[in-house]
1. Kindly provide the set of residues from the stretch 152-174 that are surrounded by fewer than 18 Cβ atoms within 10 Å (Cβ to Cβ) and over 16 Å from Ile15 (Cβ atoms), ordered by number.
2. Of Asp7, Asp32, which residue is modelled with pLDDT under 95, surrounded by fewer than 10 Cβ atoms within 10 Å (Cβ to Cβ) and of a type in the set (D, E, K, R)?
3. Hand me the list of helices (runs of 4 or more DSSP H) wholly inside the stretch 88-194 holding 1 or more residues that are within 19 Å of Ala45 (Cα to Cα) and of a type outside the set (Phe, Trp, Tyr).
4. For the stretch 106-114, check the following and say yes or no: at least one residue is in contact (Cβ under 8 Å) with a residue 40 or more places away in the chain, on the phi < 0 side of the Ramachandran plot and of a type in the set (Ser, Thr, Tyr).
5. Would you point out which residue out of Ile183, Ile223 is surrounded by fewer than 17 Cβ atoms within 10 Å (Cβ to Cβ) and β-branched (Val, Ile, Thr)?
Amino acid sequence: MTTHNPDTSALRRLIFGRATCRAYLPEQVPEDVIRSIVDVALGTASWCNTQPWDLIITAGESTDKFRNALMEQVRQHPELDSDFPFPDEYRGAYLDRRRESGFQLYEALGIGRGDKERRESQSFENFRLFGAPHVMIVSVPEELGPYGAIDAGGFVSAFLLSAEAHGVATTPQAAMAMQSCFIRNYFGIPDGRKMVCGISFGYADKAHPVNGYRTRRASVDDILHLL
């Protein structure tokens, strides 16, 4: 049972209230709001206070140019080119959860299980940034290895919750990391930095059916082992 006080209630509302957005309105998020979102997320803990994350955020025309370049890159070079290894496979409960999430997505969009063309089209929406007006690229120093990436993951979670608190929808995207080399070159990210992920963000199109479902979460008893 969760202990309820104003702080835990607010945190629970933010964590369980946010969901991955897959359809956006064209409206831009004001710069002062973006800065406030990042400012809150900067409180994230990191090993030895290294704060290894570096951020590039696009808006307006810069987002559209990147979106178009990324889509063309994926059409021409769809093969995986990531800075960090992708999972070898999914098994057991992890596979079950992944499948359930996919089925919910396709059901919300009315995509049949045998409709390969529409499934591929929906998957390609990752590289159209789901129509989001902004995208953030997160990178870390190569020499910090996996722990730099872990720290960046903490920052990503804080950014998602901060955005939710500001009324801004988010889409954390490992799919963009499939094109890490291209993205680093596109934005001139210095050698020696590795791309962790991208996050598309903006204001959600709440009327779109793709934003109308929610994935389930495991229970405390499913994952907690008190000894």
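The values are calculated or read from the model by the stated rules, or taken from the named source; none is laboratory data. It should be emphasised that the depicted structure is a prediction, and the values quoted were computed from it without experimental measurement. Glycine also receives a Cβ, built like all others from the backbone with ideal geometry; neighbour counts cover every protein chain displayed.
1. Result: Ala174, single match.
2. Values: Asp32 fails: modelled with pLDDT under 95.
Sole residue among the options that is modelled with pLDDT under 95, surrounded by fewer than 10 Cβ atoms within 10 Å (Cβ to Cβ) and of a type in the set (D, E, K, R): Asp7.
3. Working: elements: 92-109, 116-124, 145-165, 180-187.
So the answer is 145-165.
4. no
5. On the way: Ile183 fails: surrounded by fewer than 17 Cβ atoms within 10 Å (Cβ to Cβ).
Only one candidate passes the filter, namely Ile223.
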